[in-house]
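The numbers here are math on the coordinates, done by the rules we state, and not lab data. Here the structure is a predicted model, which means the values were calculated and not measured. Cβ coordinates were reconstructed from backbone atoms using ideal geometry, including for glycine residues, and neighbour counts include every protein chain displayed.
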Amino acid sequence: MRASFRRSWVVQAALGLVLALSSAFSFASSPLTLAEDPVYVLGEGQLALWRDPTRKAKLADAQAAYAAGAFEALPGALGLGYEDDAAWLRFVLRAGAAQVRKLEIQPAYLDEIDLFHYSPGGALEHYHYGDLLPFATRDVPYRNTVVPLNLTPGEHVLYLRLTSKGALSGLVKLWRSEAFERYVQISYLLFGVFYGVIFAVLLANLSYYAVRREPVRLAFLLSCALSALSWASILGLTGEFLLPRAPALNDQLTGILVLLHSAAAWYFFALLFEYRKHHPGLFRVAQGGVLLGVVSAGLAPFGFLQLLSPLVQLYVLFFILSAPWVVRRHWLRGTAAERMLAATYAAFPLTLVVVIAQSLGATGYGESKAYTGLLSNLVFVSTFQVAMLIRTQAKEESWRAAKSLEERFRYEARVNREAIASREQTLGLLAHELRTPVAQVESSRQVLEMLDGDTTAAGREGRQRRLATIRRAVDRLRLLFTLAVDSERGGAVEVPRMQLDAGSLLRGALEFLEEPQRARLVLSVGERLPGFLGEEGPLRFALLNLMENALKYSPAGSRVTVAVSAAAKGERNGLLFSVFNEGEPLAPELWEGVFEKYRRGRDAEAPAGLGLGLFLVRRVFEAHGGFVRVEKEREDGVEFQAWLPGEGA
């Protein structure tokens, strides 16, 4: 906003005399002679400062103060810290030719900016700006205040009045229009890169928190968001893009965001570096930092910003002083992620020192410091993100390794339990299966004792018959033990190559049956049966088990058909043993299930037993190159078929 007026020649002459007299003082600022440079940054004695503690001084008061020598030359840009004064800056521009320049005034968060411009002819132009005014009132739509100046040849005197609720700082730059336009394009491009990276980090942490629910991710998300918003407010981006029509809200936002970011940073570092676990004292300090930041943000809109902001920044000294212990602990862990965190944590206080020194007025305001802070913030955010990602991957790998080890232990425990159960079932089976041969041995022994005194031919024949029964029972016991032990050890059945005959093999199996059982069998032995190689004991046991199984699961008194015939499988000749009973057909799911270890065909109605017999039968036939199966086409009973390859097949 600009207002122009001309004074009478008398006033102009008096003003010229005052200016001439005041230029003799050594504390006055030195004029800036304009050449062809695209940009000038006023400093090195070109600015003179007068502080107005009342904030009520007018231009005439500032001129009188200058005439009285109250202005002091500044060595650089303005930086007074958190002061409630109004700052008056005076500077002189000498133009050798008519030209148009753009005067940029930083920072963007200044509340009131009044520029008074005396041209060489004595004309006065007054410009009024500040973040308390809507953005649309600016002559140049830019985040910082920019005043277009039409400079005629000669000496131009300018007075600049600045006020701020935050740190009272000021930087003055004089641009050529084309250079200013290039600068704007480059700066906004850099801001786009910065906020693009920040947005990507925020999105990644939001997604990760939604899945993992890790508090440190939420703290990092909050800290990054508040940091990005704080920088946007400090740089004037919120006033330009987010709140152009709400200057009062935008004016309050800068201090509130900075204070909330301080609280969020304390919270994030406390979680990331595990203050509670490893640094209890620092954890309590962090709690105080969070509380102080939140309370200060709440009180800032009520006029306490200039009082509380320095306190919050001085409180950060606890963070700076404690950094060596935190850095040392994480560096000694030795992993890439921990050392990256340690290095970033060590560098962070250096940036804080620069920012705090500028905010408190220990150093002047500098645009390069602002961009350095912005770049440092981007580096810290990116480094923390990468370090947390590496740490998370390491934790997940450790978790997977622990999970794998746990699964391995569970598997081994399950295998051990199954092995113990298997042995217990095998012992139970053996106990059951031994009853018949042991009973045979015992009954034969008793008969032998009764026949011991009988010397007749009938007595001798009876003894021989009982001895044969004992021998068969013992053979069956020995074979059962051998097969059961081989089964438990997972070994294969040994098959010596012996010439065998199907008829004799079948008759040998029948000898193990009691007379009532043999009476129920119907035998059918084919002609021209091929010979085959195998071990007689296991095969006899397998056939006996098939016949006993058929007798056991068929109606009392019913017939069981046992047949053996020549049968080729493909180009291989062989023998097919068939055992059929008139029992209830097996359900389809049991056609393979009956051959599983400890599986029984009809659990509810079956006679006593533990279901190892058919499992051993299949092992015996498969060890001889054959197979055993349930005939699926029979609907009038149950038929087991066992095939063996013939000699030379």
query = If R0 is 35 Å, what FRET efficiency do you get for Phe409 and Ala556 from their C-beta distance, rounded to 0.05?
reply = 0.10
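At 0.36 nm per residue, minus the direct Cα-Cα distance, what do Ser368 and Ala67 gain on full extension? Give it in nm, one decimal, please.
On the way: separation 301, 0.36 × 301 = 108.36 nm, distance 3.40 nm.
My answer for the length gained is 105.0 nm.
Please find the FRET efficiency linking Ala566 to Glu461, where r is the Cβ-Cβ separation and R0 is fixed at 45 Å, and quote it to the nearest 0.05. All intermediate terms of the calculation are to be shown ahead of the outcome.
Details: r = 38 Å, r/R0 = 0.84.
So, using R0 = 45 Å, E works out to roughly 0.75.
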key: Average Cα contact separation per residue, the stretch 182-311, under 8 Å, 6 or more apart, as relative contact order %   = 21
query = Got a sec? Which residues in the stretch 351-367 would a label at Trp331 touch, if it sits 7 Å along Cα→Cβ and we count backbone N under 20 Å?
reply = 351-353
query = If you count, for each residue, the other Cβ atoms within 10 Å and average over each peptide, how do 391-403, 147-159 line up from highest to lowest?
reply = 147-159, 391-403
query = Over its Cα atoms, what ratio of radius of gyration to 2.2 N^0.38 Å does the stretch 31-105 give?
reply = 1.23
ask   = Got the relative contact order for the stretch 26-84 handy, in percent, Cα pairs under 8 Å and 6 or more residues apart?
value = 47
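Taking 0.36 nm per residue of sequence separation and subtracting the Cα-Cα distance, how much length would be gained by fully extending the chain between Leu350 and Phe302, in nm to one decimal?
Numbers: separation 48, 0.36 × 48 = 17.28 nm, distance 3.18 nm.
The Leu350-Phe302 span can extend by a further 14.1 nm.
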message = Can you give me the distance in nm between label points at Asp501 and Ser30, each placed 7 Å from the Cα along the Cα-to-Cβ direction?
response = 13.2
message = Around Asp251, under 9 Å between beta carbons, what's the net of Lys plus Arg minus Asp minus Glu among the other residues?
response = -1
message = Could you check the spin-label model distance between Gln99 and Val140? Points 7 Å from the Cα along Cα→Cβ, value in nm.
response = 1.4
ask   = So for the stretch 300-387, Kirkwood radius off the Cα pairs, Stokes-Einstein at 20 °C and 1.002 mPa s: how many µm² s⁻¹?
value = 147
key: Approximate spin-label separation Asn573-Tyr188, in nm, with each point projected 7 Å along Cα-to-Cβ   = 9.8
request  = With 29 Å as the limit, write out which pairs from Lys277/Lys395; Lys58/Lys102; Lys58/Lys369; Lys165/Lys277; Lys56/Lys369; Lys277/Lys369 have Cα-Cα distances beyond it, or answer none.
outcome  = Lys58/Lys369; Lys165/Lys277; Lys56/Lys369; Lys277/Lys369
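When the chain is fully extended, how far beyond the present Cα-Cα distance does Val522 get from Glu536, taking 0.36 nm per residue of separation?
Numbers: separation 14, 0.36 × 14 = 5.04 nm, distance 2.22 nm.
That works out to 2.8 nm of additional length.
Stokes-Einstein diffusion coefficient for the stretch 52-194 at 10 °C in a medium of 1.306 mPa s, Rh from the Kirkwood formula over Cα pairs: what value in µm²/s?
Values: Rh = 16.2 Å.
My calculation gives 98 µm²/s for D.
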remark   = Env charge @ Leu282, Cβ radius under 14 Å, K,R +1 / D,E -1, value +4
remark   = Dimensionless Rg/Rh of the stretch 179-302, both radii on Cα and Rh by Kirkwood, sits at 1.05
